[in-house]
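Engineer: My structure is below; once you've seen it, I'll send some questions.
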Amino acid sequence: MKHVLMAVSGPSGAGKGTIVKTLLQRREDVVESVSCTTREPREGEVHGKHYFFLSKEEFFRRIEENDFLEYDEHFGNYYGTPKSFVEETLKTKSVIMEIDVVGALNAKKFFPDCVLVMILPPSIEELKKRLVGRGSETAEEIENRLSRIQYEVSQRDKYDYIIVNDDLETAIAEVSRIFDGE
Ligand code: ADP
Ligand code: 5GP
């Protein structure tokens, strides 16, 4: 059986995390790539599970050692996908990565077979509602995230699949079907 590397992108608050988390609970053949970041952990986030939380020095050392499949800066913090983890895991399972548009397109350069999936909210109003409802960012951080939407959506033609996350179960089923079909 062929193992799939999938990058899931889309505006902050569209529901990527929720979709990926549920899919991982239901499919033992899919593993999530844990990214490295220099941002502070949010309440409840666990090192090695949600992210590897690194100092900027450690992050830059890993860049020098060519240890990232891709990396990027968001809101003053760095985020990167560990290359060795993805390569090793793909030998036995499929890998799902939750990364932004720039990261996903960079990953596709390394792995041309990487399947790009964009999750979009049904509307901007609904997206704002979800971001406010999540309650994990300040008003300024929410504005920052909303300001990136246009750019992210403008890249949709480069994606293999676009999924509108209106009904959560439908969106999860669509992502799951992509793993079966690829
Ligand atoms: P992202 O990972 O894309 O930033 P999250 O998965 O954190 O987004 O979702 C943002 C918020 O929206 C969360 O509070 C989540 O529970 C909620 N949410 C996700 N999908 C849906 C949906 N289909 N309908 C309503 N609320 C949703
Ligand atoms: P957050 O701080 O909300 O967890 O993530 C902020 C942004 O960083 C999101 O758009 C998320 O998709 C992106 N991100 C998370 N991990 C990675 C990664 O490994 N590489 C890149 N390029 N972006 C990432």
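Engineer: Tell me which residues come under 5 Å, amide H to amide H, from ASN77 once H is placed; ignore anything under 5 positions away on its chain.
Structural biologist: Sorted by chain and number, the residues that satisfy this come to none at all.
Engineer: With the contact rule set at Cα under 8 Å and sequence spacing of 6 or more, what percent relative contact order holds for segment 5-181?
Structural biologist: Values: 251 pairs, mean separation 59.0, N = 177.
Rounded, it is 33 percent for segment 5-181.
Engineer: Right, here's the next one. Give a residue-ordered list of calculated ³J(HN,Hα) values for segment 165-182 (Karplus: 6.51 cos²θ - 1.76 cosθ + 1.60, θ = phi - 60°; whole Hz; x for Gly, Pro).
Structural biologist: Once rounded to whole Hz, the list reads 8, 8, 8, 4, 4, 5, 5, 4, 4, 5, 5, 4, 5, 5, 4, 6, x, 6.
Engineer: Just going by the charge dipole of segment 5-181, with Lys and Arg at +1 and Asp and Glu at -1 on Cβ, which of VAL95, HIS74, ILE149 is farthest out on the positive end?
Structural biologist: Of the options given, the answer is VAL95.
Engineer: For the charge dipole of the chain, defined by +1 on Lys and Arg C-beta atoms and -1 on Asp and Glu C-beta atoms about the Cα centroid, which residue among SER55, GLY44, HIS3 has the Cα displaced farthest towards the positive pole?
Structural biologist: Among SER55, GLY44, HIS3, the one farthest towards the positive end of the dipole of the chain is HIS3.
Engineer: How far, in nm, would the chain grow between GLN150 and ILE63 when pulled straight, counting 0.36 nm per residue and subtracting the alpha carbon separation?
Structural biologist: Values: separation 87, 0.36 × 87 = 31.32 nm, distance 2.88 nm.
Extra length from GLN150 to ILE63 when fully extended: 28.4 nm.
Engineer: So if I place +1 on the C-beta of Lys and Arg and -1 on the C-beta of Asp and Glu, and nothing else carries charge, what would the dipole magnitude of segment 5-181 be about its Cα centre? I want it in debye, nearest 20. Walk me through the numbers before you get to the answer.
Structural biologist: Values: 24 positive and 33 negative charges, 33 e Å.
It comes to approximately 160 debye.
Engineer: Is the shape of segment 69-181 best called rounded, prolate or oblate, per the rule: a/c under 1.5 gives rounded, else a/b larger than b/c gives prolate, else oblate, with a ≥ b ≥ c the square roots of the Cα gyration tensor eigenvalues?
Structural biologist: Details: a/c = 1.89, a/b = 1.32, b/c = 1.43.
Since a/c reaches 1.5 but b/c is at least a/b, the shape of segment 69-181 is classed as oblate.
Engineer: Then there's this: Ignoring ligands, DNA and RNA, what percent of the 1.4 Å accessible area of the chain is carbon and sulfur?
Structural biologist: Working: 4800 of 9730 Å².
The value for the chain is 49 percent carbon and sulfur by accessible area.
Engineer: Sticking with this one: Could you list, in their original order, any pairs among LYS49/LYS93; LYS83/LYS129; LYS129/LYS158; LYS2/LYS49; LYS83/LYS109 whose Cα atoms are separated by more than 23 Å? Before the final figure, lay out each step's value.
Structural biologist: Numbers: LYS49/LYS93 18 Å; LYS83/LYS129 35 Å; LYS129/LYS158 27 Å; LYS2/LYS49 25 Å; LYS83/LYS109 13 Å.
Among LYS49/LYS93; LYS83/LYS129; LYS129/LYS158; LYS2/LYS49; LYS83/LYS109, the Cα-Cα distance tops 23 Å for LYS83/LYS129; LYS129/LYS158; LYS2/LYS49.
Engineer: Amide H to amide H, which residues 5 or more places from PHE52 or on other chains are under 5 Å from it, using H placed in the peptide plane?
Structural biologist: Amide H neighbours of PHE52, under 5 Å, 5+ apart: SER35, CYS36, THR37.
Engineer: Distance between the C-alpha centers of segment 1-33 and segment 105-174? Whole Å please.
Structural biologist: A separation of 13 Å, based on Cα centres.
The values are calculated or read from the model by the stated rules, or taken from the named source; none is laboratory data. Note that the coordinates shown come from a computational prediction; the quantities given were computed from them, not determined experimentally. Glycine also receives a Cβ, built like all others from the backbone with ideal geometry; neighbour counts cover every protein chain displayed. Heavy atoms of the whole protein, side chains included, go into the accessibility calculation; ligands, DNA and RNA do not. Shrake-Rupley method; radii C 1.70, N 1.55, O 1.52, S 1.80 Å.
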